[in-house]
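Comments concern the structure below.
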Amino acid sequence: MATSVAGPVDSHLLPRTMTFPAHASARPAEAFPASRLRSISRLEVELFDSARALPQDWDEVLPPERLFLRAAYLQALEESRPPVIEPRYAIFRDRGAVAAVAAFQLVDLSLGHTAPDDGESWSRRALRTACSIALGGVRARVLLCGNVFVSGEHGFCVGPHVDERAAYDALAAAMERLSSDERRRPDFWWMKDFVEGEVIPSPFRPLPIDAAMVLDLAPHWRSIDDYARALRSKCRGHFRRSREAASRVVRRELGSADIRRWSGHIDALYAAVLSRAQVLPSLLKATAFARFKERLGTGFSLVGYFLGDEMVAFNTRFRRGAVLESYHMGCDPKRQELSLFRNMLYDDIEHAIRIGARSVHFGRTATRVKASVGARAVPLTSGVRALSRTASLIAPFLGVVSNVVAPREELPSCAFRRSE
């Protein structure tokens, strides 16, 4: 593939191309650092280090619900990414047409960091402490196919007429090439997240993780009052009391300029919530939310919660097809009397009903509260492959660490009346 350049251009964005057999082990000469091309079976794989270099047809294979793989989202995330996360990308072609796309993140994780949960049992506290002591000094470099900031399978998308097995073979070959290109080779490959029961492709081994909380909206709900009437009396009482507690709170959707203006408050509120996160490589700053708004338009919204002139909470929403995703949020821990967290969940449900969404995805934290508003647990599994000797020694214990970080817990029974 030839590249024509007029004037000075950042060499990081220039593509480089190479073609060699899939079984070749020697690295060919490298002209440019941004992209590389190899032939794997019928699929050609082109790799990129920057979302700015992605080809214009990147989005062609993506259905509406694959928002987190769209070039606009990836560019916004990359522009404000934490320094500990390095992005990589791959596009797979069949006779020149886009067959699949993949987004990767190189992440350094501390396997021994596990934060305590409120009300955790003594046995789980002891197990968590033992894991922290045993793995406290262990840091793992992970090549992740997916996104640490969202829940679900948002790392790889295969076109409708592409052989899935061939696509996963090409994906593994691309991950091998990416790994060999790094000065420090990753310890693990990690592919997230599969719905439990789905076949984990070779060469990954399954690793159960915490469940995602999903609320399916009934087709006949036309307003938040319809939703409330469908709740059991206990859960309807939670709804009524939460709404009354926040009666003085004003919600205001913010544009990108307002997000930047309130960035200090947003960062502080977000940090207050994430300070108790179980495993967190880093957090997003308010500048990322401003860029999401600029790049995604109506596909992203940030709502500020104000008590007088004070921002006491914020909530973000992504709209991907018929799904509303609710992830990044923050609230003032000293304002418990306002029931801010519950109200944000109810506001998400109200907004989803208003826009005609079919479901709300609430992520994986605070599962008991989310279950009480009607969300169900969707068990998830990741695919993991150990690459280094240290990783091979750790791998058999990852299930134990996963159970400490995200134990499968028994959630409250259905929040809705039997007729719903």
Exercise. Note down the relative contact order for region 213-378 as a percent, whole number, built from C-alpha pairs under 8 angstrom at least six residues apart.
Key: 34 percent
Exercise. Amide H neighbours of TYR327 under 5 Å, at least 5 residues apart or on other chains, H built in the peptide plane: list them.
Key: THR316, PHE318
Quiz item: What order, most packed first, do the peptides 102-108, 214-220 have when packing is the mean number of other Cβ atoms within 10 Å of each residue?
Solution: 102-108, 214-220
Exercise. Sort region 150-196 into rounded, prolate or oblate with this rule: let a ≥ b ≥ c be the square roots of the eigenvalues of the Cα gyration tensor; rounded if a/c is under 1.5, and if a/c is not under 1.5, prolate when a/b is larger than b/c, oblate otherwise.
Key: oblate
Practice problem: State the answer as a single residue: which of VAL250, PHE362, GLY299 lies farthest towards the positive end of the charge dipole of region 213-378, with beta carbon charges of +1 for Lys and Arg and -1 for Asp and Glu, about the Cα centre. | Solution: PHE362
Exercise. Take a quick pass over region 213-378 and tell me how many lysine pairs come in under 23 angstrom between Cα atoms, counting only ones 8 or more apart or on separate chains.
Key: 4
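Every number in this text was worked out from the coordinates using simple rules, so none of it is lab data. Here the structure is a predicted model, which is why all the values come from computation and not from measurement. For neighbour counting, all protein chains shown are included, and Cβ atoms are generated from backbone atoms with ideal geometry for every residue, glycine included.
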